[in-house]
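Peer 1: Sharing a structure with you now.
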Amino acid sequence: MRVRNLLFLAAIALAPATAQAQSIIVDGPVGIVADEPPDPVITYVERAPVPSVAVPEEDIVVGAVLPDTVMVRAVPDYESYGYAVVNDTPVIVEPRTHRVVRIIER
């Protein structure tokens, strides 16, 4: 009985760590955690023909905030995600903050 209780408590203690496995810690400012965009969002951004915006003074990394001069476009059916092409690299961003959540490698 005591062993079963210990196993139950161990399972409860590990449950939050298992739930966090679906999030990623990003390269930008310390402490930012972002959910991985769904596959349809990634596929849409990979195929969307959008002109690139040059932002030479910025390192575009996950967690960075794009300047207000970069036009962030909506991803249809996924209002939590936007996208842009910066320095010839497609990026998925959080539309309200312009924070980069994923860089699409070509």
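The values are calculated or read from the model by the stated rules, or taken from the named source; none is laboratory data. The model shown is predicted, which means the values in this text are computed figures rather than measured ones. Ideal geometry is used to build each Cβ from the backbone, glycine not excepted, and the neighbour counts take in all protein chains shown.
Peer 1: Tell me, which residue of the stretch 26-50 that is small (Gly, Ala, Ser) and in a loop (DSSP other than H, G, I, E, B) is modelled with the lowest pLDDT?
Peer 2: Top of the filtered list is GLY31.
Peer 1: Of the numbered conditions (1) modelled with pLDDT under 95; (2) closer than 15 Å to SER52 by Cβ; (3) charged (D, E, K, R), ARG73 satisfies every one except a single condition; which is it?
Peer 2: (1)
Peer 1: Could you list all residues from the stretch 74-89 that are surrounded by 15 or more Cβ atoms within 10 Å (Cβ to Cβ) and more than 14 Å from the chain's Cα centre (by Cα)?
Peer 2: Passing the criteria: VAL85, VAL86.
Peer 1: Does the stretch 90-100 contain at least one residue that is among the hydroxyl-bearing types (Ser, Thr, Tyr) and crowded, with 20+ Cβ neighbours inside 10 Å?
Peer 2: No; the residues of the stretch 90-100 include none that is among the hydroxyl-bearing types (Ser, Thr, Tyr) and crowded, with 20+ Cβ neighbours inside 10 Å.
Peer 1: Looking at this structure, is VAL41 farther than 14 Å from ARG106 by Cβ, in contact with an Asp or Glu (Cβ under 8 Å, 6 or more places away or on another chain) and touching a residue at least 40 places away in the same chain (Cβ under 8 Å)?
Peer 2: So VAL41 does not fit the description; no.
Peer 1: Just the residues that are more than 20 Å from the chain's Cα centre (by Cα) and farther than 14 Å from ASP88 by Cβ, please, taken from the stretch 41-60.
Peer 2: Matches in the stretch 41-60: GLU57 only.
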